[in-house]
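The values are calculated or read from the model by the stated rules, or taken from the named source; none is laboratory data. Everything quoted here is computed from the prediction, not taken from an experiment. As a convention, Cβ positions derive from the backbone with ideal geometry for all residues, glycine included, and neighbour counts pool all protein chains shown.
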Amino acid sequence: MRSHARIGFVLLLTPLVLWLGLLIVIPHIDMLLISLRERISFGVYETSAAQYQKALTEPLYLRTFWRTAVMSVLATGITLLIAFPVAYYIAKMAKGRLQQVLFILCLIPFYVSELVRTFGWMILLRETGIVSNLLQWAGLADQPVEMLYNDAAMMVGLVYTSMLFMMVPLVTTLESLDDSVIEAGYDLGGGGFSVLREIIIPHAMPGIVSGCIVVFMLSLGNYLTPTMLGGKDSLWFTEMIYNQFIVRSNWELGAAFGFMLLVLSSVIVWGMLRLTGRTLQETMG
Amino acid sequence: MTPDLECADLTKQFGETTAVDNVSFTVPPGSFFSILGPSGCGKTTIMRMIAGFLDPTSGDICIKGKSVLDTPPNKRPVNMVFQHLALFPMMTIAENIGYGLRRQKIPKDQISRKVDEALDRIGLPGIGGRKVDELSGGQKQRVAIARCMVLEPDVLLLDEPLGALDLKLREHMKIELKALQAAFDTTFVYITHDQSEALVMSDQISVMNAGRFEQVGTGQDLYYRPDTPFVAGFIGDANRWKGRIERVEGAVLEMRTETGLAMRATASNDLSAGDMAEIFVRPETIRLAASADALADFDNQLQGTVTSILFNGAASRVLVQDSVGETLEVTLPQSGEFSGLHRGDTVHIGWGAAQAICFGGGT
């Protein structure tokens, strides 16, 4: 019996180990090694930290790096602010069929690819697009308005793309809050705001944190939305990685950028968990 | 004296269905008032209207003589102990109890003093720092009451708070709740479907059925002098017979049951010979005997066979089948006299007319 259980355990573990090893650990070790070398001449490499030095001294790289971080945090915050009331409505106020329908409505945009969804925003926001025409028709603008290629358009795209990943954990945690606990909050003299602050938000905290982590990572690693909706100033860090690898064939610098992004997301997620006093185990378990 | 709580012609309709139908009652200060009824009878609806979570379709609710219909739940001088207690799991015990006080903007040092006092009163001093899930069922119960009582409400509503506890603890908490009510000297309005909870704790009980109050009275009133067949059937158990009244002689009437038995019962004013009626006899009022001689004093006597013995400690019963084939429940005395009783034995049973309650209108 014991040997059987052992074989079963090994069989179950193998795909996981293969997946982790082949797709995550080995490529990352290779990336790390690539990022730590410098090209001296054709086919000759030397170990050095020159790539990181370049990345940290060149103002464009550094500026893009911080901008990407700040914009991702901002996108996460906006997503949370929009998703929370919607999730509360779906989880606590909508009943029966309406609840299911609303939840499916959140899911439906994800039936088409991210590319198509982003094109959808372009159709709406471009100079000859629907919103522009509507504004002219209503007399609010006397010439076509270009709403694409700026930070606001990019932010709209980022929030839209990540909304579902915030909604799911929020709806799940809010649903697990017993209605009578909220009623007890009112019964004992609480107003709407204090019930929200002392009862609903603390209860939803695991969902808020895990939603924020997912949305933050998705925004940070997003390539399509900033490229398509963002303007010339809205350079995203992933675009720079792409440029180094594909356009410039400078794998060394690209790998260094990749590692900087990994460290950045790890530090911010760690900071987020510290700030809310949670462990990764609690949040993901 | 102004009653603490007064409901006048309270009605609540949900669409076409009437959950609460024209209910009026008053609860004097400091008393323990229970609303007893089967599930779905509308008792929780009444409680939610008093707490302010539902608006009545018509009627009025007054607390200490003032109508509270326009007062939102968080401003009403009533607090509620919820069915599953609804303690705040994200807070410690002290934060739970202090929640309402914090809402009243009371200074911190006063809050912690009041919380400590409340914990002392419920017999759980020093547990303020613990988490809700570290407490046992009975302790949570007491904390839920303390959380309301620190606010010194005029009326405390309790919605089947003992339902989630196991039997032994429930028996214990019945006594404790009654003691807490006396200690806090506050009006309790208690909702339950468990007659024993209501009978043990209450000063006044109202029996509710299908949105209406059937009878309001003390436990003794309801048990010994039920007003309606529903109350007679709901409080305690009863053997029932339907039939036609043959004679009324002063305080005693005689009825012929549908199965042909003649039976004597207490008469009530509105019954006369020829009426259809229903007789209720409680299993514990029926006397069991080995021979007919021992039952000479009783108005009603039957002979039967034991078909089953339902052993349940002090509440043991025997099922006796009489000569016409009906099965009666009879309480089995635990004096040892019938310890040798077996299935198939022939026994004699009897009961007095005074213990048989008769209602008209049985069809």
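Annotations for the structure displayed:
- Test for B:Thr307: is it over 25 Å from the mean Cα position of the chain (by Cα) and in the same structural domain as B:Ala273 (by TED's automatic domain parsing): yes
- Residues that are modelled with pLDDT under 85 and either closer than 11 Å to B:Ala356 by Cα or within 30 Å of the chain's Cα centre (by Cα) (or both), drawn from region B:238-252: B:Ala251, B:Val252
- Pairing residues of region A:188-213 that are within 11 Å of chain B (Cβ to nearest Cβ) and closer than 22 Å to A:Ser72 by Cα with residues that are charged (D, E, K, R) and in a helix (DSSP H, G or I), at Cβ distances under 7 Å and at least 6 apart in sequence or on separate chains, gives A:Pro206/A:Glu282.
- Flag: B:Arg102 matches the condition of being farther than 20 Å from B:Ser31 by Cα, free of Cβ contacts under 8 Å to residues at least 12 places away in the same chain and assigned by TED's automatic domain parsing to the domain that holds B:Ser31.
- Once region A:84-136 is narrowed to residues that are in contact (Cβ under 8 Å) with a residue 12 or more places away in the chain, of a type outside the set (Lys, Arg) and assigned to a loop (DSSP other than H, G, I, E, B), the residue that is surrounded by the fewest Cβ atoms within 10 Å (Cβ to Cβ) is A:Thr128.
- Some residue of region B:45-54 being in contact (Cβ under 8 Å) with a residue 12 or more places away in the chain, over 28 Å from B:Lys140 (Cα atoms) and surrounded by 15 or more Cβ atoms within 10 Å (Cβ to Cβ): no
- Residue match in region B:140-157 (condition: out of contact with any Cys (no Cβ under 9 Å at 6 or more places or on another chain) and farther than 20 Å from B:Glu95 by Cα): yes
- So B:Val78, is it out of contact with any strand residue (DSSP E or B) (no Cβ under 8 Å at 6 or more places or on another chain), closer than 30 Å to B:Glu134 by Cβ and of a type in the set (A, V, I, L, M): no
- Conditions (1) more than 14 Å from chain A (Cβ to nearest Cβ); (2) within 23 Å of B:Lys174 (Cα to Cα); (3) surrounded by 15 or more Cβ atoms within 10 Å (Cβ to Cβ): number failed by B:Ser39: (3)
- Subset of region B:50-84 that is polar (S, T, N, Q) and within 14 Å of A:Tyr186 (Cβ to Cβ) - its residue that is farthest from the other protein chains (Cβ to nearest Cβ): B:Thr71
- Only one of the numbered conditions (1) within 14 Å of chain A (Cβ to nearest Cβ); (2) touching a residue at least 60 places away in the same chain (Cβ under 8 Å); (3) of a type outside the set (S, T, N, Q) is not met by B:Val23, and that is (1).
- One residue stands out among those in region B:318-359 that are closer than 29 Å to B:Ser272 by Cα and surrounded by fewer than 15 Cβ atoms within 10 Å (Cβ to Cβ): the one that is modelled with the highest pLDDT, which is B:Thr327.
- Some residue of region B:99-114 being outside any helix (DSSP H, G or I), within 14 Å of chain A (Cβ to nearest Cβ), surrounded by 15 or more Cβ atoms within 10 Å (Cβ to Cβ) and aromatic (Phe, Trp, Tyr): no
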